[in-house]
Amino acid sequence: MKPAATSKEEILAAARKIVQQKGLAGVGMRSVAAEAGVAAGTLYHYFPDKDALLLAVTADIWSDIFDLDSLRREGDGFAAATEELFCHASGRMQAYPGFPALHGFALSSGGGPAKEGAARMHAFLGKVERHLWQALQKDAHVRSDAFGNGVDEQGFVAFVLDHLLLLLMLGSRDCSVLVAVIERVLY
């Protein structure tokens, strides 16, 4: 018998494993408790209900998909950083079949748990956006006239992130058109 999960992180790891095997629909208080080797009541210590558990595991999965800490921090430029982020996330998404397409924007509107989910997603995407913003700021090859006439740096980074996410959610294996647009605007 495996030792019981005693932390929130171990419980979320058990929930991620279920999502990898059965999808998000397989996540329930009992199924996660069984996978984690704890009594179902133990989960309520960390998560007041199934919605809270689903929100937490969803945010945890997106964090795992992007895993910003494992990306290079070298100054290869904004286009290269965007391509690296896409390729990295695309590869990691394979561990969660169907998750991005089914989840995508499911928590982007509404009240209650959906509103909380939108807030968590917004906070997480802010981290991804800051990663891209930093890459843009470090890119010494950006033309001095790249921004202006209605295109500013923040808007451009938001545009790139939106399209990167869309490509990922649609299951695209290639971001070459997005990279080509970046290169035409910046260099």
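The values are calculated or read from the model by the stated rules, or taken from the named source; none is laboratory data. Predicted model, so just to flag it, every value in this text is computed and none were measured. All Cβ positions, even for glycine, are placed from backbone atoms using ideal geometry, and neighbour counts span all protein chains on display. Note: areas computed on protein heavy atoms with side chains; ligands, DNA, RNA excluded. Shrake-Rupley method; radii C 1.70, N 1.55, O 1.52, S 1.80 Å.
Could you go through segment 159-174 in sequence order and give the Karplus-derived ³J(HN,Hα) for each residue, using 6.51 cos²θ - 1.76 cosθ + 1.60 with θ = phi - 60°, rounded to whole Hz, and x for Gly and Pro?
Going residue by residue, I get 4, 5, 4, 4, 6, 4, 5, 4, 4, 5, 5, 7, x, 5, 9, 9 Hz, with x marking Gly and Pro.
With just the Cα atoms defining each centre, how far is segment 149-187 from segment 1-72? Give it in Å.
Rounded to whole Å, the Cα centres lie 32 Å apart.
Between residue 87 and residue 143, what length in nm is gained on full extension when 0.36 nm per residue of separation is reduced by their alpha carbon distance?
This chain segment gains 17.6 nm when fully extended.
Sort 78, 159 from largest to smallest accessible area, using a 1.4 Å probe on the heavy atoms of the protein chains.
159, 78
From the phi angles alone, apply the Karplus equation (6.51, -1.76, 1.60; θ = phi - 60°) to segment 7-24 and give each ³J(HN,Hα) in whole Hz, x where the residue is Gly or Pro.
Per residue, the Karplus-derived 3J(HN,Hα) values read 10, 4, 5, 5, 5, 5, 4, 5, 5, 4, 4, 5, 4, 5, 8, 10, x, 4 Hz.
Calculate the spin-label point distance for residue 154 paired with residue 31, positioning each point 7 Å from the Cα along the beta-carbon direction, and give it in nanometres.
Result for the modelled spin labels: 4.1 nm.
Each label point is 7 Å from the Cα along the Cα-to-Cβ direction; what then is the distance between the points at residue 180 and residue 68, in nm?
3.0 nm
Taking θ = phi - 60°, what integer Hz values does the Karplus form 6.51 cos²θ - 1.76 cosθ + 1.60 yield along segment 47-57, in sequence order, with x for Gly and Pro?
Using θ = phi - 60°, the values come out as 10, x, 7, 5, 4, 5, 5, 4, 4, 5, 5 Hz.
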